[in-house]
Amino acid sequence: MNIAKWPVSTGREIELLRRVLDSPQWGGFHELVGEFERSFAAYQNCAHGIAVFNGTVSLEMLLAVSGIGPGDEVIIPAISFVSTATAVSRAGAIPVFVDIEPYSFNIDPRRVEEAIGPRTRAIMAVHFGGPLCEIERLASIAAAHNLILFEDAAHAQGSEWQGRRAGSFGLAASFSFQNGKVMTSGEGGIVTTNDDAFAEKCRAFANQGRDSKQPGATFFHHYTLGSNLRITALQTAVLVAQFERLDEQIALRRRNESVLRTKLSAIPGLTFQKIPLEVNRHSHYLLPGRIDANAFGESRDEFHRRMTAAGIPCTPFYPHTLYQNPLYANGVAPSRVLPSPISHACIRDAFWFPHRALMADPETIQAIAREIPRTEPG
Ligand SMILES: Cc1ncc(COP(=O)(O)O)c(C=O)c1O
């Protein structure tokens, strides 16, 4: 199998790194950082971008800057990466875990409505694997109940809902540029927002509470309680090069995913992620699916082992819901849990292919398509 490596660099990363290394500024104050923030924010249909050193601190900044804290609840999906939950907990607030939809793997808006209570302050919408969750419904639920809508768009660089990009629907959003993401600097993250005041607060928060607009402000004047979350220019150099290739890579993954979906549409017991019709484009970060063992003739774990043996990268989904992590199960951090039968079913029968499995030449994609169906032994 001629499976692509990830991450990949070219001479462009080296060229931009050289530009930074030859300058007197390797940290977050290099002009490349501002240029990248503006261009990535515009790409996601946002007015502002505040780049930080990873996609966990960017989530934490959303909560800190909006003043969410002890006594508050934030509704999140039971299935996501741990940062979606810990960002809420680290703010001193309580994550409220709700179930996902059976085939989009994204938060179920009906379960969100059921979970709203007197302490609810916000909804954290996660776009799992790339396609947006039911973001318009979540936005109207948030508006009807006077809640803040945030987007954890860690997976959703370039993803669109009826032509409008992830990150532009809620008050603010967080993206990750961690090593496995569709554009990466090893570690990295960014907050995007269309809210001028929120952007100002984030900028100050990420930069030690500085505020250049204050009369007499200097490097050693600090006006609000912040920290140092600045991304480095070295990270940004790599990101700029990665960003330049993103559209081309999305197009390649889109073509290849469409080949796989078409060729495998009639395989009993294999269901790939359901993409809402409104999602006209997405990052193709993951290609998730579910296995109905009876119809497919093989369990998810057997499927995963067979894919691995064939050299096709495949992950057997998350091993548990977020609230089954000892952190929450043992009450180390408090939480509220709503019944999540779909999430539990997915833990048993779902899988995903990472984006590099979709970045192959046409022959390899045909070979992957041939390997996926279960073949009778002998
Ligand atoms: C949904 C989601 N949110 C947040 C993060 C955290 O990002 P980072 O690894 O950049 O801290 C990740 C993964 O890495 C993620 O998958």
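Rule-based calculations on the coordinates, nothing more; no lab input. What you see is a predicted model, and the numbers here were worked out from it, not measured in a lab. Here Cβ is always computed from backbone atoms with ideal geometry, including for glycine, and neighbour counts include all displayed protein chains.
General observations
- Rounded to two decimals, the Cα radius of gyration of segment 205-247 over 2.2 N^0.38 Å is 1.61.
- Expressed in units of 2.2 N^0.38 Å, where N is the residue count, the Cα radius of gyration of segment 142-213 is 1.24.
- In this structure the amide hydrogen of Leu149, modeled in the peptide plane, comes within under 5 Å of the amide hydrogens of Ile123, Leu171, none closer than 5 places in sequence on its chain.
- Computed packing ranks the peptides 246-255, 207-216 as 246-255, 207-216, most packed first, by mean other Cβ atoms within 10 Å.
- Whichever lysines have a C-alpha closer than 30 Å to that of Lys5, once near sequence neighbours (fewer than 8 apart) are set aside: Lys181, Lys263, Lys274
- Remark: segment 272-364 is approximated by an ellipsoid whose semi-axes, taken from the C-alpha gyration tensor as √(5λ), come to 28, 18, 14 Å, largest first.
- The equivalent ellipsoid of segment 26-80 has semi-axes of 27, 14, 11 Å, largest first, where each one is the square root of 5 times an eigenvalue of the Cα gyration tensor.
- Remark: segment 27-42, residue by residue, has Karplus-estimated 3J(HN,Hα) of x, x, 9, 5, 4, 4, 5, x, 4, 5, 4, 5, 6, 5, 4, 4 Hz, where x stands for each Gly or Pro and the curve is 6.51 cos²θ - 1.76 cosθ + 1.60 at θ = phi - 60°.
- Of all DSSP beta bridges in segment 90-199, antiparallel share, percent nearest 5: 50 percent
- Protection proxy ranking, peptides 66-77, 179-190, average beta carbon neighbours within 10 Å, highest first: 179-190, 66-77
- Amide H contacts for Leu287 (H built 1.01 Å from N in the peptide plane; partners 5 or more residues away or on another chain; cut-off under 5 Å): Phe353.
- For segment 65-187, the Kirkwood hydrodynamic radius from C-alpha pairs, put into Stokes-Einstein at 4 °C and a viscosity of 1.567 mPa s, yields a diffusion coefficient of 90 µm² per second.
- With Cα atoms, 0 to 90° folded angle of helix 233-263 axis to the chain main axis: 30 degrees
- In the frame of its principal axes, segment 1-101 has Cα extents of 49, 43, 24 Å, reported largest first.
- Dipole axis of the chain (+1 Lys, Arg; -1 Asp, Glu on Cβ), positive-most option in His145, Gln214, Pro316: Pro316
- The phi torsions of segment 356-372, fed into the Karplus equation with coefficients 6.51, -1.76 and 1.60 and a -60° offset, translate into couplings of 5, 5, 9, 10, 10, 6, x, 5, 5, 5, 5, 5, 4, 4, 6, 6, 5 Hz, rounded to whole numbers, with Gly and Pro shown as x.
- Part-to-part distance (alpha-carbon centres) for segment 81-97 and segment 288-322, which is given in Å: 28 Å
- Separation of alpha-carbon centers, segment 102-150 and segment 226-285, rounded to whole Å: 22 Å
- Across the chain, C-alpha contacts under 8 Å between residues 6 or more apart give a mean separation that, scaled by the residue count, equals a relative contact order of 23 percent.
- Net charge dipole size for the chain [Lys, Arg +1 and Asp, Glu -1 on Cβ; Debye, nearest 20]: 260 debye
- Each residue of segment 212-223 is assigned a 3J(HN,Hα), and the resulting list reads 5, 7, 6, x, x, 4, 10, 4, 9, 9, 10, 10 Hz, derived from the Karplus form 6.51 cos²θ - 1.76 cosθ + 1.60 (θ = phi - 60°), x at Gly and Pro.
- Near the amide H of Gly186, within less than 5 Å, lie the amide hydrogens of Asn179, all on another chain or at least 5 residues away, with H placed in the peptide plane.
- Of Ala329, Ala204, Ala350, the residue with the greatest mean-square motion in the GNM of the chain, using alpha carbon springs below 10 Å, is Ala329.
- Compactness of the chain was expressed as the Cα radius of gyration divided by 2.2 N^0.38 Å, which yields 1.01.
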